[in-house]
Amino acid sequence: MSRKALGKGIGALIPEKEGQKETQEKQDKIIYVQTGQIKPSPYQPREDFDLQSLEELTQSIKEKGLIQPLIVRRKGDYYELIAGERRLRAANLLNIKEIPVIIKDVDDRDSLEISLIENVQRQALNPIEEARAYQYLIDKFMVTQEKISQVLGKARTTITNTLRLLKLPQEIQQEIRKGRISFAHGKVLLEIEDPNQQRRLAQEIILKNLSVKELENLVRRYKPVRKQPDIKLKDRDPHLMLLEDKLQQCLGTKVRINKKKKHGHIRIEFYSSQDLERIIQIILEKKDNESGNPDPYQT
């Protein structure tokens, strides 16, 4: 059965069942139900609720009323929420007794998909929640990244980059959920393969309030040295390569040793004035420690 796209909506992911269209037209009527009869859904993808945003919504509903109905489905003697949890929470805070709802006759899969897409389209999810939502659609229902891209009207690369955030250590994912590390910061951290380096840089982002550009400059120091295309690995002296590696570990930046017979040069890269001062400080400290005379005037 072909799937019918509804202008980048949930219908592009969920096929209409036989006879569903006529039945759905009858169901999609707004009715009022007791607030106490509605229970949250166990499939709600959203885990974090911003208190300030919830307070603003509560104030808006207090002044103008609940304009948009919630989406629910029948579950025995109560209704299970599909979409609109923030509105339900605000209504409970205001002690509203009855609220408008639209009842959908859907199964667990459709309920979950509607909730996922509704949250993503409203930008109600943080990047990690959004990534988990995409991953669940892919793993559970075999929805492709291309299809998610089409439905949400987002670039395919955006979907891919969001999913890649799940490769970061859990501690960093938690900081992204809290908003202390941005989506853009997370993308830059993924350029480093070492999880421990990722964790250290994540702490610097938080402690020093690093911009994305500043983080990119730091990341360059940890990325592997690109081999020159005109120099083959087999032509390079293994001893020099070992020395380069030791210097890179010591200085925390890219180092290149070029030797010609009895002379040559060492190239040490830096990416800012502060970076240059850091490297010089390391070299001077090493020199002083080896000489045992940190202050020449004391000799």
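The values are calculated or read from the model by the stated rules, or taken from the named source; none is laboratory data. Keep in mind it's a predicted model, so treat the numbers as computed, not measured. Glycine gets a Cβ as well: all are built from the backbone with ideal geometry, and neighbour counts include every protein chain shown.
Each residue in segment 195-226 was checked for being closer than 18 Å to VAL255 by Cβ and outside any helix (DSSP H, G or I), and 4 pass. With respect to (1) within 33 Å of the chain's Cα centre (by Cα); (2) over 21 Å from LEU137 (Cβ atoms); (3) assigned to a loop (DSSP other than H, G, I, E, B), the lone exception for ILE96 is condition (1).
Okay, residues lined up against (1) outside the structural domain of SER53 (by TED's automatic domain parsing); (2) among the hydrophobic types (A, V, I, L, M, F, W, C); (3) in contact with an Asp or Glu (Cβ under 9 Å, 6 or more places away or on another chain):
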{"residue": "VAL72", "(1), (2), (3)": "no, yes, yes"}
{"residue": "LYS75", "(1), (2), (3)": "no, no, no"}
{"residue": "LEU81", "(1), (2), (3)": "no, yes, no"}
{"residue": "GLY84", "(1), (2), (3)": "no, no, yes"}
{"residue": "ASP110", "(1), (2), (3)": "no, no, no"}
{"residue": "ILE114", "(1), (2), (3)": "no, yes, no"}
{"residue": "GLU129", "(1), (2), (3)": "no, no, yes"}
{"residue": "ARG156", "(1), (2), (3)": "no, no, yes"}
{"residue": "LEU168", "(1), (2), (3)": "yes, yes, no"}
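Only one entry in ARG73, ARG86, ARG109 is surrounded by 12 or more Cβ atoms within 10 Å (Cβ to Cβ), in contact with a strand residue (DSSP E or B) (Cβ under 8 Å, 6 or more places away or on another chain) and of a type in the set (Lys, Arg), namely ARG73.
Write out, first by first residue and then by second, each pair whose Cβ atoms fall under 6 Å of each other, whose residues are 6+ apart or on separate chains, and whose first residue, in segment 87-110, is within 14 Å of TYR32 (Cβ to Cβ) while the second is in a loop (DSSP other than H, G, I, E, B). From residues that are within 14 Å of TYR32 (Cβ to Cβ), the pairs are ILE99/LEU66; PRO100/PRO69; VAL101/PRO69; ILE102/ASP28; ILE102/PRO69.
Candidates are the residues of segment 239-250 that are under 12 Å from ILE282 (Cβ atoms) and more than 31 Å from the chain's Cα centre (by Cα); the one that is surrounded by the fewest Cβ atoms within 10 Å (Cβ to Cβ) is CYS250. Residue count for segment 41-71 satisfying the condition of being modelled with pLDDT of 85 or more and either in a strand (DSSP E or B) or at negative phi (or both): 13. Quick one: in segment 175-208, of everything that is touching a residue at least 24 places away in the same chain (Cβ under 8 Å) and among the polar types (S, T, N, Q), which residue is nearest to LEU125 (Cα to Cα)? Among those residues, the one meeting the criterion is SER182. Restricting to segment 152-180, name every residue that is more than 26 Å from ILE117 (Cβ to Cβ) and surrounded by 15 or more Cβ atoms within 10 Å (Cβ to Cβ). Residues satisfying the conditions are ILE172, GLU175.
The residue that is nearest to LEU51 (Cα to Cα), among those in segment 71-109 that are touching a Pro at 6+ places or on another chain (Cβ under 8 Å) and of a type in the set (Val, Ile, Thr), is ILE99. The condition of being under 22 Å from ARG132 (Cβ atoms), surrounded by 15 or more Cβ atoms within 10 Å (Cβ to Cβ), hydrophobic (A, V, I, L, M, F, W, C) and not assigned by TED's automatic domain parsing to the domain that holds GLN145 holds for only one of LEU210, LEU189, LEU201, that being LEU189.
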